[in-house]
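*Asks:* A single structure is presented below for examination.
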Amino acid sequence: MNEADIPIDIHAGKLQDWLVSRRIVNKNWSLHVRDVRSKISNALTDMPAHDGLVQLLKGAHINYFHCQQIIDILKTTEADSKNVFGFYGSQRMKDWQEILKLYEKDSLYLAEAAQILVRNINYEVPGIRKQIKHFEQLSDEAEKKINDLKRSENVVMGEYHALCKQLGIAGDNVRQELVKKVGELPKMLNEISGTVSALKKAIELYSAFLGNEECLPVLRHVSTSGNTTVYEFLYSEPPLSIEEPPVKFDTKANEVPHTGEIDFGDGGGVDFGDGEIDFGAIDGGEINLEVGDIDWGVQEEVAPNGNDIDFNISLEESGIVVEGDGNAGGAAKGEEAYSIFDSPSYRERFINELLELEAFLKMRLYELSTADKHQILSLTMMNNFPDHDAKSLTDMLSQVDVVYSKINSQLIQHLHQIKHSAKYVDILTSKLKQKLLAIDKMKDTEKLMGEKSISFRQQSVDMKPTLAKVIEQTKILQGQIEKDISKRYKNRVVNLIGANL
């Protein structure tokens, strides 16, 4: 095989060592290249206006091969300075010709070209690619963050709507809607009380077991009379008037120090001053009630002996009017004016009695469903009571569960807290407001992430032409080096391998 046909393969990363080992370049070449770079910098300050030069020098690291092209262009621009001997009188031409000679001494240009090639292959091209990939990664992460924020936003918005649905409001104006919703509480409580009547049979069964007809008094009262006022439960008669404490939702109002004045909810008040009670009927500025002096409103003349009471006076003559049928009630005030379900303490009593009844029914159902009944020491006396089986007990339990779930529903609990706690409406409003603020914050972050994603993506796009140009220049330089080395070895084919661009 002819030697000229054997290619010369040189690893691009070891090109400089190869050139030194073949004595093509001096091992101290780097000490001389500095002077050449300095002269190039000075020469570039005085260049003619030429489109070819502008394109040649644009974004390129000037090397020996560029200098050759510059001289070719100067031969055109500086043609007027050429004398009859073929020499140029232009200083520009002289500067660049000198640079070319310095480059060619000891093949300095080839060593520098090899250095530029290795640097582009190992650092410049991978560095630009890494930057492009980094910007693309940042853009993808920003878009992923946007998607995560949107999912979180949907979750928080779902929680907001779920809470609004739980409260039975639209959520447009939370405070006003909550205050308005409290007005529906009495109707809702009365509807719940209608389901309590179904527990009469269970209450009778428990009463028979205890041998106490007065057990579960609150639960028994509601099952027969409904959600009456506490006053009616306590005194077994409806009140003539109900003065329920006013509901105040203005939590920003300043607290007024106690002055002895009692607010009955009618906008006015009675001032007790130093503890003295004004009955509104004072003769001569004082009231004198001696022991035994009782004014029954009788218009007849009192007997001389004032300590004697005539018990033979009829009710008609005494002026006392007795109303029958339990209608002789009074005014329900304070907690007595609340309904049983609305009063915090009696509501709790009702729920406790409901749980007590549930526990009894579960225990009795367990006894009936247990195979070895001899192990059950309690409740065995129930066999003497009216008939009841597991199915009837199960029905009773389900009815108890219905009442319990209704009285303890989230909506009822919220409305009850709002009515009896001045700050609770602020707590709910603040809770809902925080969710909306979180959504707004996530939307702002989404917008910022969107802008960053676009910016990062644009930076990666802007760097791609730079990468393409560096790769193109590197390939051109690679071909120039291969061609130069090939001339030194009788035009044998030279391949610079390992240059993965």
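*Asks:* With all protein chains present, calculate the accessible area of GLU3 using a 1.4 Å probe and round the result to the nearest 10 Å².
*Replies:* The accessible area comes out at roughly 120 Å².
*Asks:* OK, next. So if I take the alpha carbon set of the stretch 37-108, get Rg, then get Rh from the Kirkwood formula, what is the Rg over Rh ratio?
*Replies:* 0.95
*Asks:* How compact and how long is the stretch 422-475, expressed as Rg and Dmax of its alpha-carbon atoms in Å?
*Replies:* So, for the stretch 422-475, Rg and Dmax equal 23.5, 80 Å respectively.
*Asks:* Enumerate the residues in the stretch 403-435 having an amide nitrogen under 12 Å from the point lying 7 Å beyond the Cα of GLU159 toward its Cβ.
*Replies:* Counting backbone N atoms under 12 Å from the label point, the list is 431-435.
*Asks:* Can I ask one more? Can you run phi through the Karplus equation (6.51, -1.76, 1.60; θ = phi - 60°) for the stretch 409-415 and list ³J(HN,Hα) in whole Hz, with x for Gly and Pro?
*Replies:* 5, 4, 5, 4, 5, 5, 5
*Asks:* Go through ARG23, ARG457, ARG151 and list them by solvent-accessible area, largest first, probe radius 1.4 Å.
*Replies:* ARG23, ARG151, ARG457
*Asks:* So, one more: If the only charges are +1 at each Lys and Arg Cβ and -1 at each Asp and Glu Cβ, what is the size of the charge dipole of the stretch 390-455 around the Cα centre, to the nearest 20 debye?
*Replies:* Dipole of the stretch 390-455, to the nearest 20 debye: 140 debye.
*Asks:* Note down the accessible area of LEU44, probe 1.4 Å, to the nearest 10 Å².
*Replies:* Accessible area of LEU44: about 60 Å².
*Asks:* Shifting gears a bit: Sum up the charges of everything whose Cβ sits under 13 Å from the Cβ of LYS144, counting Lys and Arg as +1 and Asp and Glu as -1, but leave LYS144 out.
*Replies:* Result for the neighbourhood of LYS144: -2.
*Asks:* Hey, if we sort HIS11, HIS414 by accessible area with the 1.4 Å probe, largest down, what's the order?
*Replies:* HIS11, HIS414
*Asks:* Taking all protein chains in place and a 1.4 Å probe, what share, in percent, of the accessible surface of the stretch 1-119 do carbon and sulfur account for?
*Replies:* The nonpolar share, carbon plus sulfur, comes to 47 percent.
*Asks:* Which percent of the accessible heavy-atom area of the stretch 121-238 goes to carbon and sulfur, probe 1.4 angstrom?
*Replies:* Of all accessible area on the stretch 121-238, carbon and sulfur atoms account for 50 percent.
*Asks:* Hey, another quick one. Please tell me which of these pairs span more than 23 angstrom C-alpha to C-alpha: LYS187/LYS406; LYS101/LYS483; LYS133/LYS443; LYS145/LYS469; LYS130/LYS475?
*Replies:* Exceeds cut-off: LYS133/LYS443; LYS145/LYS469.
*Asks:* Let me ask another. Just to confirm, what accessible area per residue do you get for the stretch 127-240 at 1.4 Å probe, in whole Å²?
*Replies:* I get 56 Å² per residue for this part.
*Asks:* If you look at just the Cα atoms of the stretch 1-138, how large are its Rg and its Dmax in Å?
*Replies:* 18.8, 64
*Asks:* In whole Hz and in residue order, list the ³J(HN,Hα) couplings for the stretch 393-399 that follow from phi through the Karplus curve 6.51 cos²θ - 1.76 cosθ + 1.60, θ = phi - 60°; x for Gly and Pro.
*Replies:* These are the phi-based 3J(HN,Hα) values: 5, 5, 5, 4, 4, 5, 5 Hz.
*Asks:* Here is a further query. Rounded if a/c is under 1.5, else prolate if a/b beats b/c, else oblate: with a ≥ b ≥ c from the C-alpha gyration tensor eigenvalues square-rooted, which is the stretch 394-454?
*Replies:* Note, shape of the stretch 394-454 comes out oblate.
*Asks:* If packing is taken as the mean number of other Cβ atoms within 10 Å per residue, what is the order of 218-224, 139-145, highest first?
*Replies:* Packing proxy ranking, top to bottom: 218-224, 139-145.
*Asks:* Could you work out what % of the accessible surface of the stretch 392-482 is carbon and sulfur, using a 1.4 angstrom probe and leaving DNA, RNA and ligands out of the count?
*Replies:* Of all accessible area on the stretch 392-482, carbon and sulfur atoms account for 57 percent.
*Asks:* What ranking of GLU243, GLU367 comes out by heavy-atom accessible area, probe 1.4 Å, highest first?
*Replies:* Ranking GLU243, GLU367 by accessible area, largest first, yields GLU243, GLU367.
*Asks:* Under a 5 Å amide H to amide H cut-off, with H placed in plane at 1.01 Å, what residues pair with HIS11 once short-range neighbours are removed?
*Replies:* ILE497
*Asks:* Run the quick spin-label model on LYS130 and ASN408: label points 7 Å from Cα toward the beta carbon, then report their separation in nm to one decimal.
*Replies:* Rounded to a tenth, the inter-label distance reads 6.3 nm.
*Asks:* Next question. Would you please give the FRET efficiency between GLU451 and SER430, computed as 1/(1 + (r/R0)^6) with r the Cβ-Cβ distance and R0 = 30 Å, to the nearest 0.05?
*Replies:* Calculated transfer efficiency: 0.45.
*Asks:* Could you pull out every residue, at least 5 positions away or on a different chain, whose amide H is within less than 5 Å of the one on ILE340? Hs are placed 1.01 Å off N in the peptide plane, and Pro or chain starts have none.
*Replies:* Amide H neighbours of ILE340: THR228, VAL230.
*Asks:* Now, a different point. Lys and Arg at +1, Asp and Glu at -1: add these up for the other residues within a Cβ distance under 12 Å of ILE485 and post the number.
*Replies:* Charge balance near ILE485 sits at +3.
*Asks:* Okay, next question. Calculate, in whole percent, how much of the Cα-Cα pair population of the stretch 163-215 lies beyond 15 Å.
*Replies:* 64 percent
*Asks:* With a 1.4 Å probe and every protein chain left in place, tell me how much accessible area SER197 has, in Å² to the nearest 10.
*Replies:* Surface open to solvent at SER197 totals about 50 Å².
*Asks:* From the phi of every residue in the stretch 14-22, what ³J(HN,Hα) in whole Hz does the Karplus formula 6.51 cos²θ - 1.76 cosθ + 1.60 yield, where θ is phi - 60° and glycine or proline is x?
*Replies:* Each residue of the stretch 14-22 in turn: 10, 4, 5, 5, 5, 5, 5, 5, 8 Hz.
*Asks:* Sticking with this structure for a sec: Under 5 Å between amide hydrogens, which residues at least 5 positions from LYS82 or on another chain qualify, with H placed 1.01 Å from N in the peptide plane?
*Replies:* GLY89
The values are calculated or read from the model by the stated rules, or taken from the named source; none is laboratory data. Quick caveat, the model's predicted, so the values are computed rather than measured. Cβ: placed from backbone, ideal geometry, glycine included. Neighbour counts: every protein chain shown. Surface areas here come from the heavy atoms of the whole protein model, side chains and all, with no ligands, DNA or RNA. Shrake-Rupley method; radii C 1.70, N 1.55, O 1.52, S 1.80 Å.
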